[in-house]
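Shown next, in structure tokens, is the structure this report addresses.
The values are calculated or read from the model by the stated rules, or taken from the named source; none is laboratory data. None of these values were measured; they are calculated from a predicted model. Glycine also receives a Cβ, built like all others from the backbone with ideal geometry; neighbour counts cover every protein chain displayed. Remember, those area values only see protein heavy atoms, side chains included, never the ligands or the DNA or RNA. Shrake-Rupley method; radii C 1.70, N 1.55, O 1.52, S 1.80 Å.
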Amino acid sequence: MKDITTGPLDGVRVIDLSTVVMGPYAAQILGDLGADVIKIESPADTVRVGQYRTTPGMTPLNLNVNRNKRSVALNLKDEDDREKALKLIDTADVLITNMRPGALSRLGLNYADVAERNPGLIYAHAQGFRGDSDRAGNAAYDETVQAASGLVDIANRAIGRPVYLPTIIGDKVSSLTIAYSVLAALVHRNNTGQGQRVEIPMTDTMIAFNLVEHLAGHAFEPEQGPTGFNLSMAKGHHAVHTSDGLACVVPYNPQNFRDFFAAAERPDLVEDPRIAGYTIDPADSDDLMHLVDECAPALTTEEWGEVCEKHSIPFAPVLELDRAHEDDYVRDGHLLDVVQHPSEGAVRSIGIPVRFSATPGSVRRLAPLPGQDTAEVLAEIGV
């Protein structure tokens, strides 16, 4: 990729001292927005373990969370390498790490150590549990966070099984939280000159995330009802089968339902007294959505799209991931363009979803090989 600097974070240097997904994805977001991101890593980084095509370590997950970075290979247990890392941190605006506090202290890389050298540094420390809690040192993975944050309880109540969501939502929501927290701290630093430590506990982040709607009746003291957002936990809250595929069709008011049933040629349901007025009793919502499910096979997905657009009924076809690159919306938005990676050949690069009118982000570098930029980066600091 063309090595240019652009985006609203032009001039900001980020040290990515993190592994797996949460920290690296946050650092990539900052890189996409123009920051100079330097990833300090060991070849044992777990995001580099798994399936690859050409080069060991160049896994799909690595390709997806390490673009717009330069990779420096350093063994932090080695005194000389650790001093090189500290000299790099001296030049940085931001440090992102998800190492456990004990390990950071043993390596001389906790906040007090580095802030003494670089008082303006934004030190973003992400971990599974809050640092002042009795769980602070516990290992945390996305599944443990889904459990500890109540997400498994929500799934159990909704579908009757205590399943984990089939996506690493705790990691990715925490990545976004790291990114916006770093940006807020940078604004404060730019206004005052003061750096600071920012702690991002995954579990706390996901509890706050889950309770936005699911706190429900427990928002009041004393409680005015149970927890749980009824609409998203309803048994009928799922995509429907059309005559040729799957689609999201979500009538939200009585007129939506009447128009939907009319298109399905069900005059008996158009006259259903439950949708005769201007509002719908929440107690009837689940039964009505079951009727939508029953009627959906009357038309194709494309035909339902036309009906729903005409009558302003919320609708979207279900995107099949195996065919995402063929989808018009994905293709037109450059969300999965094919690019040429220097070592891996043709790969699909996930697009930048945010668009700035004055300072657009860009993909300037595809994911580096482990340690490929060590000499270049260290030369910049005279090592």
*Residue that is surrounded by the most Cβ atoms within 10 Å (Cβ to Cβ), among those in the range 68-100 that are charged (D, E, K, R) and part of a loop (DSSP other than H, G, I, E, B)*: 93
_Search result, residues across the range 353-377 that are modelled with pLDDT of 95 or more, in contact with a strand residue (DSSP E or B) (Cβ under 8 Å, 6 or more places away or on another chain) and of a type in the set (Gly, Ala, Ser)_ = 367
_Close pairs (9 angstrom Cβ cut-off, 6 or more residues apart or separate chains): closer than 20 Å to residue 271 by Cβ and touching a residue at least 12 places away in the same chain (Cβ under 8 Å) in the range 291-315, surrounded by fewer than 18 Cβ atoms within 10 Å (Cβ to Cβ) and among the hydroxyl-bearing types (Ser, Thr, Tyr) anywhere_ = 296/243; 298/243; 313/252
_Checking residue 325 against (1) within 30 Å of residue 370 (Cβ to Cβ); (2) out of contact with any strand residue (DSSP E or B) (no Cβ under 7 Å at 6 or more places or on another chain): exactly one of these is not met. Which one?_
(2)
*Residues 187, 163: which one is modelled with pLDDT of 95 or more, loosely packed, with under 15 Cβ neighbours inside 10 Å, among the β-branched types (Val, Ile, Thr) and not in a helix (DSSP H, G or I)?*
163
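Of 245, 217, which residue is of a type outside the set (Phe, Trp, Tyr), open to solvent by 20 Å² or more (accessible area, probe 1.4 Å) and over 27 Å from the mean Cα position of the chain (by Cα)?
Working: 217 fails: open to solvent by 20 Å² or more (accessible area, probe 1.4 Å).
Result of the check over 245, 217: 245.
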*From 216, 264, 234, residue being free of Cβ contacts under 8 Å to residues at least 24 places away in the same chain, aliphatic (A, V, I, L, M) and more than 30 Å from residue 118 (Cβ to Cβ)*: 216
*Matching residues in the range 283-340 - criterion: being closer than 30 Å to residue 364 by Cβ and part of a helix (DSSP H, G or I)*: 321, 322, 323, 324, 325, 326, 328, 329, 330, 331, 332
